[in-house]
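Read the structure below first, then the notes.
The values are calculated or read from the model by the stated rules, or taken from the named source; none is laboratory data. The structure displayed is predicted, hence computed values, not measured ones. Neighbour counts run over all protein chains shown; Cβ positions are idealised from the backbone, glycine included. Calculation scope for accessible area: heavy atoms of the full protein, side chains included, ligands and nucleic acids excluded. Shrake-Rupley method; radii C 1.70, N 1.55, O 1.52, S 1.80 Å.
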Amino acid sequence: MACPVCHAAFIPPDDAPAYPPDGSVAVCVTCADVVVWNHTRGWEIPAPEDKASLLELQPVIDSLMEIRQWHDQRAKDRSDLSTLISYGLMAGLTVPDIVETLLEDGFHRHPDAEGD
């Protein structure tokens with residue numbers, strides 16, 4: 001199963017049914033688009049008027065906000081890492097020294113669902 005907009009894979013929780021109930025709504029983590037499950041066609045993009053209604057639902061709004069925060073944090077992490085690593089390399093630090101400096105400064109990665 002994949003997002004019909006960006007084609008990113010939808011990875012359901014381990015305890016999820018093989019297929020969602022008809023009419024289930026999902027927000028893609030990759031492209032943040034709202035899609036609906038149709039038991040005969042799979043995930044599909046809702047009609048504009050249906051999408052407008054879905055975008056008013058609090059769970060959809062909450063999902064969109066969480067996804068936006070995740071994308072913002074990821075962009076900030078990328079920028080921070082690039083800056084810190086570049087500075088470390090210009091200062092003549094070794095890679096292990098740069099890693100140690102990053103960890104000492106409190107940088108951490110954001111674990112994913114695979115237990116990292």
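Quick notes on this structure:
- Scope the stretch 97-109; condition open to solvent by less than 90 Å² (accessible area, probe 1.4 Å) and more than 30 Å from residue 31 (Cα to Cα); matching residues: 97, 98, 99, 101
- Total residues in the stretch 1-10 satisfying the condition of being out of contact with any Ser or Thr (no Cβ under 8 Å at 6 or more places or on another chain) and either surrounded by 12 or more Cβ atoms within 10 Å (Cβ to Cβ) or part of a helix (DSSP H, G or I) (or both): the figure is 5.
- Pairs with Cβ under 9 Å, 6+ apart, first in the stretch 1-12 and free of Cβ contacts under 8 Å to residues at least 60 places away in the same chain, second part of a loop (DSSP other than H, G, I, E, B) and acidic (Asp, Glu): 3/33; 4/33; 5/33; 6/33
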